[in-house]
Amino acid sequence: MTTQVVTLKPGDTVKRATIKFAVDNISGAPVVDNRNHLVGILSEDDILNLIVRRQEKMGAGGGKMLSYPMDSEIDNVALQDAADEVSNTKVEDIMTRSVLTTTPDAVIVDVLKAMLERKINRVPVLEKGVLVGIISRGDIVFHIYKRKV
């Protein structure tokens, strides 16, 4: 379990979340309120699905999203508008609200089975409703063997 959890707030933008994912080298993060209570989870899939939906809404004539970095100046007005819309979307608008959670005393193999069955990469760990950690597939793989060299 990782106890130094990178979190997001519901009002954070997709731009902020995406940059946080890149800087912290993570693929998702719990979304918490001001009391550190879990309100959802955001993953790369949520962000990428938003981009694909916005591209489909633009149609073929609107340009291709991700042809340019979304924070660059783009001559194509439709493409710039789409990039701005995606960048300014709030995390709460695209996050998953129904989240599988666990507790610090859970049996790890049971958590792993649930993760594999549901095809999810991370499970927030809650104690008395408060986020205290997260278990990722990477955490589990890292702990399979004690000696790494």
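The values are calculated or read from the model by the stated rules, or taken from the named source; none is laboratory data. Note that the structure is predicted; figures quoted are calculated from it, not measured. Cβ: placed from backbone, ideal geometry, glycine included. Neighbour counts: every protein chain shown.
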Legend entry - Identity of the residue in the range 74-97, part of a loop (DSSP other than H, G, I, E, B) and either surrounded by 17 or more Cβ atoms within 10 Å (Cβ to Cβ) or in contact (Cβ under 8 Å) with a residue 24 or more places away in the chain (or both), that ends up nearest to the chain's Cα centre (by Cα): Met95
Legend entry - Tally of residues being in contact with a Ser or Thr (Cβ under 8 Å, 6 or more places away or on another chain) and of a type in the set (Ser, Thr, Tyr) across the range 93-149: 2
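Conditions tested, residue by residue: (1) under 21 Å from Thr13 (Cβ atoms); (2) of a type outside the set (D, E, K, R).
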residue	(1), (2)
Ser43	yes, yes
Asp46	yes, no
Arg53	yes, no
Gly63	no, yes
Ser72	yes, yes
Leu100	no, yes
Legend entry - Odd one out for Asp71 among (1) free of Cβ contacts under 8 Å to residues at least 12 places away in the same chain; (2) in a loop (DSSP other than H, G, I, E, B); (3) of a type in the set (Asp, Glu): (1)
Legend entry - Residues located in the range 98-149, provided they are closer than 20 Å to Phe21 by Cα, among the hydrophobic types (A, V, I, L, M, F, W, C) and part of a loop (DSSP other than H, G, I, E, B): Val99, Ile120
Inset, instruction - Could you look through the range 130-148, keep only residues that are loosely packed, with under 13 Cβ neighbours inside 10 Å and β-branched (Val, Ile, Thr), and pick out the one that is modelled with the lowest pLDDT? - result: Ile144
Inset, instruction - Please work out if Glu56 is without any contact (Cβ under 8 Å) to a residue 12 or more places away in the chain, of a type in the set (D, E, K, R) and touching a helix residue (DSSP H, G or I) at 6+ places or on another chain (Cβ under 9 Å). - result: no
Inset, instruction - Select from the range 6-21 the residues that are part of a helix (DSSP H, G or I), farther than 15 Å from Thr96 by Cα and either at pLDDT below 95 or hydrophobic (A, V, I, L, M, F, W, C) (or both) and list them in ascending order. - result: Ile19, Phe21
